[in-house]
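The numbers here are math on the coordinates, done by the rules we state, and not lab data. Note that the structure is predicted; figures quoted are calculated from it, not measured. Quick reminder, even Gly has a Cβ in these numbers, built from the backbone with ideal geometry, and neighbours come from all protein chains shown.
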Amino acid sequence: MDDRRSRPRLSVHLDAVWQDAEERHSARVTDLSEGGCYLDTVGEVLVGEIVAFRVLLPDGEWLYLEGEVRHHRHRNGFGVQFVELNEEQTENLQRLLAIAREGGPEAFVISADLVED
């Protein structure tokens, strides 16, 4: 597979939850960049689908993210490219990436909760 990422990804271990039309799915974000992330999960998605989730930051604040599914590996997970990040989301994501760079993948574990709008 051709690596078309414009930003390097960092290894992380972040718990996550997302929901399809019928049920919630647990996941683990295993890499992260300013442009996207990969979620290990057994849930099924479609390429092009928008997945929304919130990530709990180390300071206890929630970071809402949305990503377009760019690739999917059946029963293994999927990669997303973040869409329409505002200034606050970008700043929080950059802060999170700085923590990951400094402490490595074992620096913290963050939980995510389903976003229900």
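Before moving on, here are some points about what is shown:
- Here the simple spin-label model places points 7 Å from the Cα toward Cβ, and for ASP40 and HIS71 these points are separated by 1.7 nm.
- Relative contact order (percent, whole number), the stretch 10-113, Cα cutoff 8 Å, 6+ residue spacing: 32 percent
- Spatial offset of the stretch 81-102 relative to the stretch 51-75 amounts to 11 Å, using the alpha carbon center of each.
- Packing rank of 86-92, 60-66, 38-44, where each peptide gets the mean count of other beta carbons within 10 Å, highest leading: 38-44, 60-66, 86-92
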